[in-house]
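S.K.: The structure follows.
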Amino acid sequence: MNVDWFDFHLPEELIAQTPLADRTASRLLALNKRTGEIGHHRFTDLENYLREGDVLVLNDTRVIPARLMGMKSDTGAKVELLLLKQIGEKRWEALAKPAKKLKIGSSIAFGDDGKGNALLRGVVEEEGEMGGRTIRFEYDGIFQELLDRLGEMPLPPYIKERLEERERYQTVYSKHAGSAAAPTAGLHFTEAFLQKLQSKGVKLAYVTLHVGLGTFRPMSVEHVEDHEMHAEYYELDEQNAAIINEAKRSGARIIAVGTTSSRTLETVAARFEGKPIEACSGWTSIFIYPGYAFKLVDALLTNFHLPKSTLVMLVSALAGRDRVMRAYEEAIAREYRFFSFGDAMFIY
């Protein structure tokens, strides 16, 4: 399967640079995965597509201020690190920029304590591919507090505008810190709208998947089957597993909010091979593309994704490539807002 089959032209002006003042004010494109029928709505019209007993599965990961700006201790050259995942005590996997300046043994200083000393120091322990580095940090105090003080929110490279309020790149239900990017489909929800859906009989369940390296790396292969996803950590607890199992037993729909929730659900489903799922955790590198048969996910709420991305391929696996490409064409013609701060799409 050729990666180019998932390409499309997107005018740059349709890339949303800032979030809307009201989270629920975005637009919603609804796509029937069986008929290809397309509807155009406001996000709050999602309520009309949901039924009593449906379960919305939300990823409650929380984005850490993972972008660190520092300088090489020996030359003073400016460098940037994007922390992706913690791999041991004081050790992190990161993306470095410019990576060529950071060889094994390089020392990087971050911040200043007012006496000419760095608040945080990192040493390169390993070099990986495509700018990847393993960094060992040295510091006094609590790392998370230093990160909150020194770090910036890791907005994707296609967003050029400065984010005025950090919480707008967090979902209102974010809980477990660890992501290098937000599960952006969930950014459309407010607490009030979630409560309104619950009053209608819609149930909420939560999974955790910490978004990591795969989000930031473009596909570099010609054929879809040759791409390898990087592993990301996930968790599902007993209470939420029970909510999902009850929904499946009763014939209700499991609606994933975002591709991260989808990947977590399908990873868990494969782990239990058709049996009721249980509380579990681990690392997933599942890659979902057309030809994949979904085991748990019945419907999906998602944003509009980058051309030739693994996310477009996942969406196409659920609704069919041709239907998704037609829906994207229509969204572009109607000037929907794309990517992280853009509009939403509901596939049912």
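The values are calculated or read from the model by the stated rules, or taken from the named source; none is laboratory data. A quick note: this is a predicted structure, and the numbers were derived from the prediction, not measured. Heads up, the Cβs are rebuilt from the backbone with ideal geometry, glycines too, and the neighbour counts pull from every protein chain shown. Areas reflect the complete protein model, heavy atoms only, side chains present, ligands, DNA and RNA absent. Shrake-Rupley method; radii C 1.70, N 1.55, O 1.52, S 1.80 Å.
S.K.: How big is D for region 117-210, in µm² s⁻¹ as a whole number, if Stokes-Einstein is applied with the Kirkwood radius of its Cα pairs at 10 °C and 1.306 mPa s? List each step's numbers first, then the result.
M.R.: Values: Rh = 16.7 Å.
It diffuses with D of about 95 µm²/s by this estimate.
S.K.: Next question, about the same structure. Counting Lys and Arg as +1 and Asp and Glu as -1, what is the net charge of the other residues whose Cβ lies under 12 Å from the Cβ of residue 294?
M.R.: +2
S.K.: Shifting gears a bit: Quick one: accessible surface of residue 121, probe radius 1.4 Å, all protein chains present, in square angstrom to the nearest 10.
M.R.: For residue 121, solvent-accessible area is about 80 Å².
S.K.: Just by accessible area at a 1.4 angstrom probe, what is the order of 221, 202 from largest to smallest?
M.R.: Highest to lowest solvent-accessible surface, that is 221, 202.
S.K.: Hey, what's the Kirkwood Rh for region 1-153 if you take every pair of different alpha carbons, in angstrom?
M.R.: Taking every pair of different Cα atoms in region 1-153, averaging 1/r and inverting gives 19.5 Å.
S.K.: Determine the share of the chain's accessible area contributed by carbon and sulfur atoms, expressed in whole percent, with a 1.4 angstrom probe.
M.R.: Reported share for carbon and sulfur atoms: 46 percent.
S.K.: What's the long-distance tail for region 228-334, i.e. % of Cα pairs beyond 20 Å? Numbers along the way, then the final one.
M.R.: Working: 2316 of 5671 pairs.
Of all Cα-Cα distances in region 228-334, 41 percent exceed 20 Å.
S.K.: Using Cα springs under 10 Å in a Gaussian network model of the chain, which residue among 104, 244, 277 shows the largest mean-square fluctuation?
M.R.: Comparing 104, 244, 277 in a Gaussian network model of the chain, the most mobile one is 104.
S.K.: I would also like to ask the following. Give me the distance in nm between label points sitting 7 Å out from Cα along the Cα-to-Cβ direction at residue 78 and residue 238, one decimal.
M.R.: The two pseudo-label positions are separated by 5.2 nm.
S.K.: Modelling each spin label as a point 7 Å along the Cα-to-Cβ direction, I'd like the residue 293/residue 173 distance in nm, to one decimal.
M.R.: 3.0 nm
S.K.: Taking a cut-off of 20 Å between Cα atoms, list the lysines near residue 248, but don't count ones fewer than 8 places away on the same chain.
M.R.: 33, 200, 203, 275, 295
S.K.: For helix 321-333, what angle does its Cα long axis make with the longest principal axis of the chain, in degrees from 0 to 90 and rounded to 10?
M.R.: 80 degrees
S.K.: Ignoring ligands and nucleic acids, what accessible area does residue 196 show with a 1.4 Å probe (Å², nearest 10)?
M.R.: For residue 196, solvent-accessible area is about 100 Å².
S.K.: Here is a follow-up. Apply the Debye scattering formula to region 53-96, with a single equal point scatterer on each alpha-carbon and no solvent, then give log10 I(q)/I(0) at q = 0.24, 0.30 Å⁻¹.
M.R.: -0.93, -1.08
S.K.: On to the next question. Which order do 228, 330 take by accessible area at a 1.4 Å probe, largest first? Mind showing how you got there, number by number?
M.R.: Values: 228 145, 330 60 Å².
Putting 228, 330 in descending order of accessible area: 228, 330.
S.K.: Tilt of helix 238-250 relative to the longest C-alpha principal axis of the chain, in degrees (0 to 90, nearest 10)?
M.R.: Between the helix axis and the principal axis of the chain, the angle is about 20 degrees.
S.K.: Going from most exposed to least, what order do 165, 125, 329 have by accessible area with a 1.4 Å probe?
M.R.: So, going from the largest accessible area down, we get 329, 165, 125.
S.K.: Quick check: the angle from helix 259-272's long axis to the longest principal axis of the chain, C-alpha only, nearest 10 degrees?
M.R.: Roughly 80 degrees between the two axes.
S.K.: Considering only region 193-331, what is the antiparallel percent among its DSSP beta bridges, to the nearest 5? The partial results should precede the final answer.
M.R.: Numbers: 7 of 10 bridges.
Of those bridges, close to 70 percent are antiparallel.
S.K.: Would you tally the net charge around residue 90, using a Cβ to Cβ cut-off of less than 9 Å, leaving residue 90 out, and scoring K and R as +1, D and E as -1?
M.R.: Working: positive: 91, 136; negative: 89, 138.
Spelling it out: positives minus negatives among the neighbours equals 0.
S.K.: Can you pull the one-decimal nm distance between simple spin-label points at residue 283 and residue 246, each 7 Å off the Cα toward Cβ?
M.R.: 3.5 nm
S.K.: Using Cα springs under 10 Å in a Gaussian network model of the chain, which residue among 87, 64, 254 shows the largest mean-square fluctuation?
M.R.: 87
S.K.: Continuing with the same structure: From the C-alpha gyration tensor of the chain, pull out the three semi-axes of the equivalent ellipsoid (sqrt of 5λ each), sorted largest to smallest, in whole Å.
M.R.: Semi-axes, largest first: 35, 22, 20 Å.
S.K.: Can you compute the FRET efficiency between residue 125 and residue 226 using 1/(1 + (r/R0)^6), with r the Cβ-Cβ distance and R0 = 25 Å? Round to the nearest 0.05.
M.R.: So, using R0 = 25 Å, E works out to roughly 0.25.
S.K.: At 1.4 Å probe size, with no ligands or nucleic acids counted, give the accessible surface of residue 27 in Å², nearest ten.
M.R.: Its accessible surface works out to 60 Å², give or take rounding.
S.K.: Sticking with this one: In a Gaussian network model over the chain where Cα atoms closer than 10 Å are linked, find which of 170, 86, 17 has the largest mean-square fluctuation.
M.R.: Of the options given, 86 has the highest mean-square fluctuation.
S.K.: If you don't mind, another one. Residues with beta-carbon under 14 Å from that of residue 279, excluding residue 279: net charge, scoring Lys, Arg +1 and Asp, Glu -1? Could the numbers behind the result be given before it?
M.R.: Numbers: positive: 271, 275; negative: 235, 237, 238, 278.
Net of charged neighbours comes to -2.
S.K.: Right, something else. Considering only DSSP beta bridges whose two residues both sit in the chain, what percent are antiparallel, to the nearest 5? Write out the running numbers ahead of the final one.
M.R.: Working: 48 of 67 bridges.
That works out to approximately 70 percent antiparallel.
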